[in-house]
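Structure, as structure tokens:
Coordinate-derived values only; no laboratory data. None of these values were measured; they are calculated from a predicted model. Cβ placement follows ideal geometry from the backbone for every residue including glycine, while neighbour counts extend to all protein chains displayed.
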Amino acid sequence: MGKLRLSIAFWDYDRVRPLIDGTIQPEGIELAPIISRPSETFFRMLRHQEFEVSELSFSNYTMLRARGEDPFTAIPVFPSRQFRHSCIYVNRNAGIEEPKDLIGKRIGVPEYSMTAAVFARGFLLHEYGVAPEAIEWFSGTQDGLQRPTRIDFDLPGVRFTRMPVEQDMGPMLETGQLDAIISPNAPKALAWPDSPVRRLFPDYRTAEKAYFAKTGIFPIMHTVVLRKDVYERHPWVAKSLFEAFEKAKAWAYQQLTETDALKVTLPWVVAEMEETRRLMGPDFWPYGIEPNRLSISTLPQYLHEQHLAPRKVSVEELFAPV
């Protein structure tokens with residue numbers, strides 16, 4: 001009996017590369033990889049269910065589950081995780097020196113429901129007392145990058161404007177029409193000499209390390225989902241894929257600690273790996289439910305608080321029972 005062939009869409013992270021080139025193969029499965037940027041993958045999957053397996057926005061997936069919609073079933077694999085203090089950018093003349101100064105300001109975000117923005121609003125509320133309702137929100141194109149709306153939602157009690165695609169938030173931040181932007185993509189103006197734009201947390205690395213030390217949360221941005229019809233016909237695929245992703249991540253760890261000749265174009269990559277393990281443990285990018293229960297459960301809480309989900313989904317509801 002031949003292997004089950006499945007299309008799978010994700011970006012070319014080091015932690016999935018062995019699945020792309022076939023170095024690691026899931027048992028009983030032949031993968032047909034499609035490499036695309038996350039924003040494109042998410043739109044194609046959420047609007048058209050185009051792939052049999054794909055990387056997906058963790059917030060959008062959780063929003064669907066909270067509504068009782070189940071076109072996908074996730075496995076606890078997290079190809080993208082990132083602390084988000086670094087993704088808040090402010091206009092230097094907006095009078096924003098610390099997080100509480102965001103209250104009452106006009107803030108742009110490429111996609112209000114994107115996980116990066118949900119986590120940023122979450123820690124702004126819980127660590128600094130800045131509630132989403134105290135801000136006027138805008139969403140739209142940033143520096144020419146358009147993000148078509150990939151999931152529909154209502155925002156009761158929140159001042160929110162979805163701008164036309166030709167109205168670019170990048171120049172609006174530069175000129176002060178927007179006071180700040182929360183975005184996974186750094187504004188182009190950030191790299192200019194004498195830029196009118198800076199980060200809210202200039203030393204974001206220190207802020208993010210302190211946040212992890214205090215909360216134990218390493219924010220999860222994306223998960224991996226199986227289309228409902230695939231999971232219902234082949235439930236064993238969930239376990240096979242999970243094990244393959246685990247092996248691929250272990251391979252990536254090995255590349256980062258190779259000392260014979262550096263495989264990553266950073267002079268102190270091994271020192272960085274060692275420091276990260278001192279701070280976060282040997283498996284600092286864990287898959288599975290139990291090592292991630294705190295980080296997983298944080299997102300449904302934030303989504304409910306931010307009026308993006310009608311209820312707080314339990315951790316067990318989110319993943320295939322493998």
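Remarks
- Per residue, the average separation of C-alpha pairs within less than 8 Å and at least 6 apart gives the chain a relative contact order of 27 percent.
- Helix axis angle, 38-48 relative to the chain longest principal axis, alpha carbon, degrees: 70 degrees
- If the chain linking Glu243 and Thr257 were pulled fully straight, counting 0.36 nm for each residue of separation and taking away their Cα-Cα distance, it would gain 2.9 nm.
- Taking 20 Å as the cut-off, the amide N atoms of segment 58-80 that come nearer than this to a point 7 Å along the Cα-to-beta-carbon line of Val322 belong to 58-59, 61-62, 65, 70-80.
- Cross-link partners of Lys312 among lysines (Cα-Cα below 25 Å; sequence separation of 8 or more within a chain): Lys214, Lys228
- For the chain, a Gaussian network of Cα nodes joined below 10 Å ranks Ser195, Ser295, Ser139 by mean-square fluctuation, and the top entry is Ser195.
- Rounded, prolate or oblate (a/c below 1.5 giving rounded, otherwise prolate when a/b exceeds b/c) for segment 260-306 by Cα gyration tensor: prolate
- Listing Arg150, Arg277 from fewest to most neighbouring C-beta atoms within 10 Å gives Arg277, Arg150.
- Residues Thr223, Thr141, sorted so that the one with the fewest Cβ neighbours within 10 Å comes first: Thr141, Thr223
- Among Asp194, Asp179, Asp283, the largest mean-square fluctuation in a Gaussian network model of the chain, built with springs joining Cα atoms closer than 10 Å, belongs to Asp194.
- Acute angle (nearest 10 degrees) that the helix 204-215 long axis makes with the longest principal axis of the chain, alpha-carbon atoms: 70 degrees
- Residue order, fewest to most surrounding Cβ atoms within 10 angstrom, among Thr62, Thr161: Thr161, Thr62
- When segment 178-311 is described by a simple charge dipole with +1 on each Lys and Arg Cβ and -1 on each Asp and Glu Cβ, the residue from Pro282, Leu308, Pro187 located farthest towards its positive end is Leu308.
- 0 to 90° range, to nearest 10: angle between helix 236-256 axis and the chain longest Cα axis: 70 degrees
- Here the chain carries DSSP beta bridges of which approximately 45% are antiparallel, counting only pairs with both residues inside.
- Each Lys and Arg contributes +1 and each Asp and Glu -1, all at the Cβ; summed about the Cα centre of segment 16-63, the dipole is approximately 240 debye.
- The DSSP beta bridges internal to segment 85-215 are antiparallel in roughly 40% of cases.
- Per-residue ellipticity at 222 nm, computed for the chain from helices alone with -39500 (n - 2.57) per DSSP H run of at least four residues, works out to -10500 deg cm²/dmol.
- GNM result for the chain, Cα springs below 10 Å: residue of Glu133, Glu30, Glu166 fluctuating most strongly: Glu166
- For segment 192-282, relative contact order (Cα pairs under 8 Å, six or more residues apart, normalised by length) works out to 14 percent.
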